[in-house]
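Computed from the coordinates by the stated procedures, all read-outs in this text should not be read as laboratory data. Quantities reported herein were computed from a predicted structural model and do not represent experimental measurements. In this analysis, Cβ positions are derived from the backbone assuming ideal geometry, glycine residues included, and neighbour counts consider all displayed protein chains.
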Amino acid sequence: MLLKLSLVVALAVGGALPEAAADPAPAPSVADAAFVTLSGDDQPEAVTDEAPVDETGVPADEAGEVTQVPLDDVLVEVPDVAELAAPTPAPSAGTPSPTPAPTAAAAPGAVVSDVVETDGFQMLGVTWPDDQPVEALEVQVRTRQDERWSDWQPLEVGDEAPDAGTPDADEARRSGTDPLWVGESDAVQVSLRSTGDAVPSDLELALVDVPEVDTPAPDAQVRGAATSGDVLVQQAAYSTPTALTSQPAVITRAQWGARAQRCTPDVATSLVGAVVHHTAGPNGYSSVADAMRQIRGDQAYHMDARGWCDLGYNVVVDKWGNTYEGRAGSLSKAVIGVHAGGFNTGTLGVAMLGSYEATPSAATRASVARIIAWRLQASYLDPGGSMRYTTNGGENSRFSGTTTVTLPRIFGHRDVSYTACPGTGGYGALPDIRNRARAYVSPSFVSPSRSASSVARAGSVRVTAGAVGSVAWTLTVTDARTGVRVATRSGTTASSVSATWDTRNGSGQVVGAGPYRLTLTGRATSGGGTARSWSTTVQVTGSTNPATVASVPLAGDLQYVPVTPVRVLDTRPGAQSLGSRSRVDVKVAGVSGVPTGARAVAVTVTAVHPTATTYVTAWPAGAVRPATSTVNVDPSRAAAAGAVVGVGGDGRISLYNNAGSTHLVADVTGYFVPSSGTRYSQLASAARLMDTRDVGGTMRSGQRRTITVAGRSGIPAGATAVIANVTSVGAAGDGYVSVVPAGTALGSTSSVNHLRGTDVSNRVVVPLSGGKADVYLAGGAADVLVDVVGWFGPGGTLTFTPMQPVRAFDTRAAGGALGSGSVRSFAVGRVSGVPSDAQAALVNVTAAGQTARTTFVTAWPADDARPGTSDLNTGAGRDQANVTVVGWDAQGRSSLFNNAGRTHLIGDVYGYFAP
């Protein structure tokens, strides 16, 4: 039989490692290698687009450049099997051997190449096109070292393959044998024999030259190493596994001299199991430096001869138990490797460096178990358990695509592929590896889950989990937005956890709508050790609308009494947030220093942690809710607004949230009564009493500045309170500004809440102390402006009368949006319910559909000059409201100005001031 063999040699030319890897210290070992941070149903979901961190490794031209070196076609006529000469015997030890004859094949019926001379190599393999079938192909090689030829050594046909659809499979790749480490060699001869019908063509011989480099882990630094025959073993440090309290020590890719990936592997959504391998190379390496050199050779062969993205294994462990980071990103993500065709996705491929027909050392078994335990623990898996896995099939797989098989959570390569890997001894060590890994993760939770991701108020949600070891567990429920603890459950188990939360807080109240964090923690009932905690978020849904109280008529001609700001509502401590279309009635009269006879209150309403774009409306309890907004707010940011609200039935005001879920805070800064208070006077034009852009400079978090208010800019010395517009300008981050009576203790009341990079204003009633007020800033730095529009005190001439809100204007319905620099007048003084002798109205002005990133709106009597102040600061992407006190001309007209872009304006009258 005549066979033709055409060989092409792929030669990997080595070089030096980069300077950074040349002189590390100290040398890594199981005990003192660099630490690598790890993160963390059975079947992994679809591959994500999240790739490992882009890595810069040793340049290819320094770690192993592949060069294609064409050879003359080798035509070898080999006689029939019966006539074939016997193979050339290996030389005796110490006896040089002649160059073998071309017909000195490894076996009868084989084809042998000419001798391939090179400058030197240490590892080799044979590859062929991926689309060519291989049936019973036997490949053997012999190499020359120091002018002596080795025995023929088999090259096993590679039993690893990429999963279909992954970048490794999409690259121009080749099938081939496993690489074989042969040591320093300068010539090779290849023998091929096929007992099947298919013989691949376009064969390539891959010779890998891996340079010797300075190593960060000399064998003298491998702690606990002792000689036992020709294998160094770790001493009994791992004989009794204890719970993992820190990440295992790992020799990083940078330390062993890895190259950068040639393409970016996919990452599975989760890790579901681990596959144990051996590299099938020799075990004779005598130092960590030698081990690193072999790993570099494996990487070069996988990338340059097979065409894969990176080293196929996720992790490698040497015979002393040192652990090496393999494929980039594998220590923190479920990076898909190339180690078990059809079973790569969602599994951690751990390879023992060498051939393990004999039992691996205790140190190797311990390190394999430890790294697997750490990675499976991050996915809340039991290393001693089993899983169901649906394979997509693959080269050399025992199972066709879409087959679902039940496997141990830690299994051997031979369980899923036609291979002897991880060797007889390696496979026999799997029970010990599983037991050790399970001991390392005790105590731990297994596959924790929740019964639902969303639950209606007054419903319940259940958390379940398996357990490894005896665990004392606690389920803690917190408001995900505020961190306030809502409820706890606890127990002890050695098998499973089951805990139910009934959506109630510790006082038995049903919580408000919104996101809640359920966190499961645990500790060993004896001997110490803490389980890895698990958290999930559950959305509580539903509305709250209490029975409507009886309405009461609103009183008029009211006078103002200032109070130190007092909090009348905070939904955060008891997790009483308002859901969509929800209402809460807040007691304001007869509490916290506000008398039962109060007929209106000055209140600042703050929306905190809203989950959606929404608005909040304030009105007298028992009355019909007006179609207006008091506070407009966007998701995840706080916003405050001042209002003067009539007191309704049962001494309450109502607050309504339109969409999503939000916490609400309400602070009363004064109240109105028919007598014994002070009257109001409107300034002819707003007075700017503070502008940090001109005086004092930008305010920083924690700063407090005092401003004199009474006795300046038309405000009499006896003024007891003012109505002021407070503006935050160009805030550097989240935060708030609070304006309070001078010298009073600071609470968490906000007058205006920052919006990063833009301007926000809010109109508030500010009581004075000694004619002064304090301005305090928390959070991101910002400039602050304070503009006073009127005052309360002796000598005031106007009383206040609240009213059911009446819409005065809406440019969406008539007139269209105001353009940049536009002024438009509206008959605010002629609104129904406002008497002819009224001099000013309390108007809630809302901007909607703004086109400019930032703009401001000013309101004033139509016959006056426009003041140089703002009543509302706003911008594109957010509807925003602010209350203003505005007068009018003889025809009852008030003017409004828009500074930039286009915006619609809506105005609602909430009350008026009259003699």
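A few notes on this one:
- Cα-based Rg of the stretch 820-915 normalised by 2.2 N^0.38 Å, two decimals: 1.05
- Dipole of the stretch 678-796, positive direction: furthest Cα of 733, 755, 680, with charges on the beta-carbon: 680
- For residue 158, nonlocal amide neighbours, meaning residues 5 or more places apart or on other chains whose placed amide H falls under 5 Å from its own, are 176, 177, 178.
- In this label model, residue 551 and residue 388 are separated by 6.2 nm, measuring between points 7 Å along each Cα→Cβ vector.
- Magnitude of the charge dipole for the stretch 678-796, about its Cα centre and with charges confined to Cβ atoms of Lys, Arg (+1) and Asp, Glu (-1), is about 200 debye.
- Kirkwood-type radius of the stretch 678-796, with distances r between different C-alpha atoms, in Å: 14.1 Å
- log₁₀ of I(q)/I(0) at q = 0.11, 0.12, 0.14, 0.15 Å⁻¹ - the stretch 340-417, Debye sum with one point per alpha carbon: -0.32, -0.38, -0.51, -0.59
- Summarising the amide proton neighbourhood of residue 671: residues at separation of 5 or more, or on other chains, whose placed amide H is nearer than 5 Å comprise 561, 563, 602.
- Working from label points 7 Å from Cα in the Cα-to-Cβ sense, the residue 186 to residue 406 distance is 6.0 nm.
- Note, ³J(HN,Hα) from phi for the stretch 493-500, Karplus 6.51, -1.76, 1.60, rounded to Hz, x at Gly and Pro: 8, 10, 9, 8, 10, 9, 9, 10
- Dipole magnitude of the stretch 798-915 about its Cα centre (Cβ charges: Lys, Arg +1; Asp, Glu -1), debye to nearest 20: 380 debye
- Label point distance in nm, residue 698-residue 745, each placed 7 Å from Cα along Cα→Cβ: 3.3 nm
- 3J(HN,Hα) along the stretch 757-771, derived from phi through the Karplus expression 6.51 cos²θ - 1.76 cosθ + 1.60 where θ = phi - 60°, amounts to x, 9, 10, 9, 10, 8, 8, 9, 8, 10, x, 10, 10, x, x Hz, with x in place of Gly and Pro.
- Förster radius 51 Å - calculated FRET efficiency between residue 836 and residue 490 (Cβ-Cβ, nearest 0.05): 0.15
- Charge dipole of the stretch 258-366 (Cα centre as origin; +1 on each Lys and Arg Cβ, -1 on each Asp and Glu Cβ, all else neutral): 100 debye, rounded to the nearest 20.
- The fraction of Cα-Cα pairs per 5 angstrom bin, counted from 0 for the stretch 251-343, comes to 3, 13, 26, 26, 20, 10, 3, 0 percent, rounded to whole percents.
- Derived scalar couplings between HN and Hα for the stretch 666-671 equal 10, 10, 8, 10, x, 9 Hz in order, rounded to whole Hz, by the Karplus curve 6.51 cos²θ - 1.76 cosθ + 1.60 (θ = phi - 60°), x for Gly and Pro.
- Over the stretch 394-489, equivalent-ellipsoid semi-axes from the Cα gyration tensor in Å: 41, 20, 10
- Taking the DSSP bridge list for the stretch 312-451 and keeping only pairs wholly inside it, about 75 percent are antiparallel.
- For residue 357, the amide hydrogen comes within under 5 Å of the amide hydrogens of 424, 425, counting only partners 5 or more places away or on other chains and with H modelled in the peptide plane.
- Between residue 823 and residue 853, the C-beta separation translates, for a Förster distance of 30 Å, into a calculated FRET efficiency of about 0.90.
- Calculated FRET efficiency for the pair residue 734/residue 458, C-beta based, R₀ 41 Å, to 0.05: 0.75
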